[in-house]
Amino acid sequence: MGKTTALFAGHFGKYESGNKGKTMFTIEHQSEDTIITTLDASGQSEDVEVMIDDDSVFMRQWHEKRQKYEVLGMSIQQFNDIIAAMNLPEGAYYAK
């Protein structure tokens, strides 16, 4: 069977599954949540895991010196605000 690839045009660039590119991330759907793991292409930062469920988002990254995960928790609304802010100029905004 041949390798299947899919090209996705995302908000921040083009992504292709099944093909080695410059960057890599994985998406895992589990019973209660979705886990997205992004790998640092430069190799200078540890992987970042984003765990999303119906009510909240947790981000975690391994801290080598402390030998434990650093965890940041937020609401879905806060996570959506961060994503929206990536393409906005400096300022204060209210979501509608």
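Per-structure values
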quantity: Anchor residue 65: aspartates and glutamates whose Cα lies under 19 Å away (excluding residues fewer than 8 positions away in-chain); calculated: 40, 46, 47, 49
quantity: Whole-Hz couplings from phi, Karplus 6.51/-1.76/1.60, listed for the range 36-44; x for Gly and Pro; calculated: 10, 10, 10, 9, 7, 4, 7, x, 8
quantity: Within straight-line cross-link reach of residue 96, aspartates and glutamates at Cα separation under 17 Å, skipping those fewer than 8 residues along the same chain; calculated: 81
quantity: Tensor-based shape of the range 52-95 (alpha-carbon gyration tensor, a/c under 1.5 rounded, otherwise prolate or oblate); calculated: oblate
quantity: Shape of the range 24-85, Cα gyration tensor, a/c cut at 1.5; calculated: prolate
quantity: Burial ranking of peptide ranges 61-67, 42-48, 89-95, 32-38 (average Cβ count within 10 Å, highest at the top); calculated: 32-38, 42-48, 61-67, 89-95
quantity: Net length gained if the chain between residue 38 and residue 83 were fully extended (0.36 nm per residue, minus Cα distance); calculated: 14.7 nm
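Bear in mind that the values in this text are calculations on the coordinates, not laboratory data. Keep in mind that what you see is a predicted model, and the values were worked out from it rather than measured. Using ideal geometry, Cβ is built from the backbone for each residue, glycine included, and neighbour counts are taken over all protein chains shown.
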